[in-house]
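Here's the structure, in structure tokens; my notes come after.
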Amino acid sequence: MTAPSVRPVSEREARQVAEAAREQDWKKPSFAKELFLGRFRLDLIHPHPTPALEDVRRGEEFLSKLRDFCETRIDPARIEREARIPDETVNGLKELGALGMKIDTKYGGLGLTSVYYNKALAVVGSVSPAVGALLSAHQSIGVPQPLKLFGTQQQKETFLPRCARTDISAFLLTEPDVGSDPARLATSAVPDGDDYVLDGVKLWTTNGVVADLLVVMARVPRSEGHKGGITAFVVEATADGVTVEQRNAFMGLRGIENGVTRLHQVRVPAANRIGPEGSGLKIALTTLNTGRLSIPAMCVAGGKWALKIAREWSTAREQWGKPIARHEAVGSKISFIAATTFALEAVLDLSGQMADEDRNDIRIEAALAKLYASEMAWLMTDELVQIRGGRGYESAASLAARGERAVPAEQMLRDARINRIFEGSTEIMHLLIAREAVDAHLSVAGDLIDPEKSLGDKARAGARAGGFYARWLPKLVTGPGQLPRTYAEFHPAGHRDLATHLRYVERSSRKLARSTFYAMSRWQGRMETKQGFLGRIVDIGAELFAMSAACVRAERLRAEGEHGAEAYELADAFCRQARIRIEELFGRLWTNTDDLDRKVVSGVMSGAYEWLEAGILDPSGDGPWIADATPGPAKTDNVHRPIH
């Protein structure tokens, strides 16, 4: 049986595949979607939603056990040194029930809420991001989450108890020549009786080296009785034909079990197919809607740790007669770390609680949280290294060897870097969020700018668009953000004035929507090529979302009597810092070097500037840029090593 070859895919076809995988219905309200449309729906997030008392009790009970485990049974220095998580650590996590944090209790899991799952990942991630990645890849995108959302009852009863206690899972989508463009996915799943036969090579399979169960995305060819398309399967990692060909090594997360997995003539029962044929990408994207919150959880942990080290070090270290924290050049960095950590935790907790309540559609909120947290956590960790100076660049082992505290700042920087790539790179997140942000426009005017639509379709689209914009545009002129007493509850006596920041968010939301409309009018069908513009639109929305979450969290803490004054101060500092960034982004919407950059890129690609590369030697090794992924039998030993 020969796997079908994959033909080249045009840009338009690639977009069509991605569009078909989107959740296109909005059955529930979305704070972020409304924000991009110029409607500041504070009522959707304020008062801040709170967890049920029983959820809190169970969550705190597990967190207590997990903290003790992390303190006594995880040795982060050993993981970094040996580039491997010890088997006894993994088995201890299994005994603790950490593999089943998100799995329902009726299947043997702990049934934690999203809020407490995120808190647990933050605890683990603060000790060892590699262990955090193992737990996250297993539960956020591995077998448990897609089965929870799309699995049959039989599949849940068969696989979830295993995932809750004993079996580690991995998610296999990426291929050597397929990253964020799944239309080119080459792994095939050919129907054969009651089975499918899988052939292909998967790259960057986090947990794949030690996994017991795999979620594999493969393309089913269209044939009689088969709709075909990219489809999801649960595959036993020990099945005949499954070979882990390599364990990959990275600049950070040295303990991560990430590899290259080859599937050759792997027979998978049809009963192991998740959902119908052709629904694989939709399953993957839906799984990621809340699964992406695992990245912000570990970014929050990184921020908290950076703040702790910055505080302790900057108090102990003196220069020119006073602690370095008292020097403005260092103090501004500490203020940024403190304020941003407060805001990131606000975004995480708000998004997690909204996911638990299931009242709102949080696909944009979760994507914004991932995008924003990964970028800001990188900046905070980089600032920590700068605050530590030479000691920030020195390894923890070297520091300890000469008698100083083993602070792994350089390791945390290396570990944090992947978050800007994991589960959707920053560039892909910009495009994904931008697509959702302009969904309302495309739904009424999409045919108007589609070159393949007929004149009749365009006329009907013009009529729809005229009606929509006649109702929508007038609402972008004025709003409560221009009234000085709006949101007065956010300026209680004796506290900083956060109401002024919420009024700014409301005004900026309308300005953002007007900017988007102007761009749609100006560029029409070329809008999707303006990735610089779209990225800035998304970044403004991310800042506005973070400002809103920070203010709402501060008010919740004040109302509950927990550090209210301090929370208001941190929220105020964050909002003032964010407003400076937002104003710069608004300015760069229309004043930028995007056109010039495109010309320079054309020159680079054509070799016009190749002379600029003279005077160096390239230390890179030989070999192709992209490894051969031709289906076929494995030619290397299987390095798969399940942990039991």
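Here are some notes:
- Those residues of region 150-204 which are in contact (Cβ under 8 Å) with a residue 12 or more places away in the chain and at positive phi, in sequence order: 200, 204
- Pairs where the first residue, in region 581-604, is over 24 Å from residue 375 (Cα atoms) and the second is open to solvent by 70 Å² or more (accessible area, probe 1.4 Å) and modelled with pLDDT of 95 or more, C-beta under 6 Å, 6+ apart: 603/609
- Search result, residues across region 204-235 that are open to solvent by 10 Å² or more (accessible area, probe 1.4 Å) and over 27 Å from the mean Cα position of the chain (by Cα): 221, 222, 223, 224, 225, 226, 227
- Against the test of being part of a helix (DSSP H, G or I) and either in contact (Cβ under 8 Å) with a residue 60 or more places away in the chain or under 21 Å from the mean Cα position of the chain (by Cα) (or both), the options 261, 290 yield a single qualifying residue, 290.
- Inter-residue pairs, beta-carbon under 8 Å, first touching a residue at least 12 places away in the same chain (Cβ under 8 Å) and in region 414-432, second among the basic types (Lys, Arg) and part of a helix (DSSP H, G or I), 6+ apart: 423/370; 424/370; 426/420; 429/370
- Of the helices (runs of 4 or more DSSP H) lying entirely inside region 330-401, those containing at least 2 residues that are open to solvent by less than 10 Å² (accessible area, probe 1.4 Å) and either aromatic (Phe, Trp, Tyr) or touching a helix residue (DSSP H, G or I) at 6+ places or on another chain (Cβ under 7 Å) (or both) are 363-388.
- Residue within region 240-253 that is under 19 Å from residue 180 (Cα atoms), open to solvent by 20 Å² or more (accessible area, probe 1.4 Å) and not in a loop (DSSP other than H, G, I, E, B) present: no
- Restricting region 484-509 to residues that are part of a loop (DSSP other than H, G, I, E, B) and of a type in the set (A, V, I, L, M, F, W, C), the residue that is surrounded by the most Cβ atoms within 10 Å (Cβ to Cβ): 498
- Every condition in (1) farther than 19 Å from residue 430 by Cα; (2) part of a helix (DSSP H, G or I); (3) acidic (Asp, Glu) is met by residue 562 except one, and the failing one is (2).
- Hits in region 311-329 - residues which are open to solvent by less than 20 Å² (accessible area, probe 1.4 Å) and either at pLDDT below 95 or touching a His at 6+ places or on another chain (Cβ under 7 Å) (or both): 324
- Subset of region 548-566 (residues that are touching a Phe, Trp or Tyr at 6+ places or on another chain (Cβ under 7 Å) and open to solvent by less than 10 Å² (accessible area, probe 1.4 Å)): 550, 551, 554
- Inter-residue pairs, beta-carbon under 9 Å, first modelled with pLDDT under 65 and in region 13-39, second assigned to a loop (DSSP other than H, G, I, E, B) and open to solvent by 30 Å² or more (accessible area, probe 1.4 Å), 6+ apart: 14/181; 17/9; 17/181; 18/180; 18/181; 20/278
- Long-range neighbours under 9 Å by Cβ, at least six apart or interchain, first residue more than 23 Å from residue 564 (Cα to Cα) within region 475-496, second among the aromatic types (Phe, Trp, Tyr) and in a loop (DSSP other than H, G, I, E, B): 479/40; 480/40; 480/487; 481/40; 481/487
- Screening 481, 541, 525, 532 for residues that are of a type outside the set (A, V, I, L, M, F, W, C), over 13 Å from residue 40 (Cα atoms), assigned to a helix (DSSP H, G or I) and at pLDDT 95 or above leaves exactly one candidate, 532.
The values are calculated or read from the model by the stated rules, or taken from the named source; none is laboratory data. Because the structure is predicted, anything quoted here is derived from the model rather than measured. Quick reminder, even Gly has a Cβ in these numbers, built from the backbone with ideal geometry, and neighbours come from all protein chains shown. Just so you know, the surface numbers come from the protein's heavy atoms only, side chains and all, with ligands and any DNA or RNA stripped out. Shrake-Rupley method; radii C 1.70, N 1.55, O 1.52, S 1.80 Å.
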